[in-house]
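The values are calculated or read from the model by the stated rules, or taken from the named source; none is laboratory data. This one's a predicted model, so the numbers in the text were calculated from it and none came from an experiment. Cβ sites come from the backbone with ideal geometry, for glycine too, and all protein chains shown count toward neighbours.
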Amino acid sequence: MAACKTLVSISLSSVASTLRSSRLTLSSPHNSPSLCFSPSISSPQGLRALQNRVLSRSYASIEGASLSIESIDSPEEIEPPESPTQDNLEHLLTHKDDVVRLMKMERRRIDTDQRTGRWFPYLDRFKCGDAYLSSGEVVEALEPHIMESRMERFRNVATNRSYSVCLVVEGLSDFGNVSAAFRSADALGFQSVHVVSCDGSKRYRENRHVSKGAEKWLDIEVWDSIEDCFKALKSRGYRIATTHVGMDVVSIYEMDWSCPTAIVVGNENRGISDEALGLSDLHCSIPMKGMVDSFNVSVAAGILMHHAVCDRISRLGSHGDLTVEERQILLAEFSLRHGKSSISIAHEFAKRKAALPTPKL
């Protein structure tokens, strides 16, 4: 046993010496991250306590490292922080103009009647002053400034996105519930969400990080009245399904979610308004087996959207249903929303494009 202890002690001393020399080699006078090495076992007592177990030790830890992978790969890459700014969602939902500015590619008119076709809101062009860029040109301009892994994620998200089912929240007074519903919508592949008559005076600040920045990647439309919202949705070919507890309701498990559908959830206390119930095409409910007769509104929205996705996958093979052209446009949209510099980079690209000599025929 004594020989074993001596052997272990010599090994630890050798490792510590090697690591000390490595630390000296790696240190830099130019404020680079410092690496500090320390063996996990520092005393004979520790050795005795662990003599019957496999020894493990922490070889290194990085202290004060502020260097990012992005800056190593390319100093010109646009990589904004993921965390949402303070009260960002509350601001968006109480300032319509800012919601409109969040969406970059040119959009179809709200009153466009598209009852016979599948709704897609964007045109294949982005306005740069007096000029326009196509989605392909937008991607060409911005892709060199965005990490390859990030662009790949944009492509995967666009592939799994759909406008065929959208979420409508009516009269919610707790912005935390709106945030949670938006986060679920983004995670499940819904691109379009609508907000009707949210009360901006209610509490939100303690819930401002619930959405995790999901609002940045969604198409949000804010409406003053349920009538205006439903009129626009019906003109786009959606059937309106309001959640309701009572008679004359259809179980969500009996619905065909491959049809374009707008799911409507209501106020935390009052539920769906009488006006919304009267204007909707059908009333649906989530079957419950317990003593309570309702879910939290954000939980109900998550259950509805999750079941819609599962039903669409079983019927259609996938939830995402955008065409190749539509995915390209949405990729350009995500790229433009990616960072604060994206718009200026696209404008510079348009200027260079305009300065090119026109080829002679």
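Could you figure out which of (1) surrounded by fewer than 18 Cβ atoms within 10 Å (Cβ to Cβ); (2) outside any helix (DSSP H, G or I); (3) touching a residue at least 12 places away in the same chain (Cβ under 8 Å) isn't true of Ala354? So the condition that Ala354 fails would be (2). Taken over the stretch 173-209, residues that are aliphatic (A, V, I, L, M) and either at pLDDT below 90 or not in a helix (DSSP H, G or I) (or both) amount to 4. Can you tell me how many residues within the stretch 140-157 are crowded, with 21+ Cβ neighbours inside 10 Å and in a helix (DSSP H, G or I)? Summing the residues that are crowded, with 21+ Cβ neighbours inside 10 Å and in a helix (DSSP H, G or I) in the stretch 140-157 gives 3. Out of all the residues in the stretch 301-321, is one or more charged (D, E, K, R) and under 16 Å from Tyr122 (Cβ atoms)? Among the residues of the stretch 301-321, at least one is charged (D, E, K, R) and under 16 Å from Tyr122 (Cβ atoms), which makes the answer yes. Selection of the stretch 286-304 for residues being of a type in the set (Gly, Ala, Ser) and over 27 Å from the mean Cα position of the chain (by Cα) yields Gly290, Ser294. Any idea which of (1) modelled with pLDDT of 80 or more; (2) over 25 Å from the mean Cα position of the chain (by Cα); (3) on the phi > 0 side of the Ramachandran plot; (4) not polar (S, T, N, Q) is the one Phe230 doesn't satisfy? Here Phe230 meets the rest and fails (3).
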